[in-house]
Amino acid sequence: MIVRILGEGQLQVDDSASAELNALDAALEKAVNDGDEPAFRNALLALLDRVRALGTPLAADVLEPSDSILPRADADLDVPEPVAGPGRDTEAPQWCEPVMRPTGGCKRGWA
């Protein structure tokens, strides 16, 4: 799968990492649902770190469709960031971006 980290680029991550990334995403989702900024920060950084560790960066001149888009490490729980594109909300919360579907809304899970 191709994962984009906003501001960093794209990484190729083996599909076998789906279960591990789902577990990290579940922690991120819980923090969001609880409105817990410190837990959100920790969960987001853990997810980003693991994607970076598991992934192989794509060349800067290569642009592949991303299966998942992760926000920057400095994303805030409560600050909306515009997410443009066909069928997407124009002001989805930043935390929603990691798993935005091209058709709109948040997708939960990595597989």
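Scanning the stretch 3-46 for residues that are assigned to a loop (DSSP other than H, G, I, E, B) and under 29 Å from LEU63 (Cβ atoms) returns LEU6, GLY7, GLU8, VAL13, ASP14. Here ALA75 clears all of (1) buried (at least 18 other Cβ atoms within 10 Å of the Cβ); (2) farther than 21 Å from VAL13 by Cβ; (3) modelled with pLDDT under 90 except the condition numbered (2).
In the set (1) free of Cβ contacts under 8 Å to residues at least 24 places away in the same chain; (2) more than 14 Å from the chain's Cα centre (by Cα); (3) within 13 Å of VAL3 (Cα to Cα), THR56 fails one condition alone, (1). Residue check: is LEU77 of a type in the set (A, V, I, L, M, F, W, C) and either more than 16 Å from the chain's Cα centre (by Cα) or over 26 Å from SER16 (Cβ atoms) (or both)? Considered against the rule, which asks whether it is of a type in the set (A, V, I, L, M, F, W, C) and either more than 16 Å from the chain's Cα centre (by Cα) or over 26 Å from SER16 (Cβ atoms) (or both), LEU77 comes out as yes.
The values are calculated or read from the model by the stated rules, or taken from the named source; none is laboratory data. Being a predicted model, the structure only gives us computed values, none of them experimental. Glycine gets a Cβ as well: all are built from the backbone with ideal geometry, and neighbour counts include every protein chain shown.
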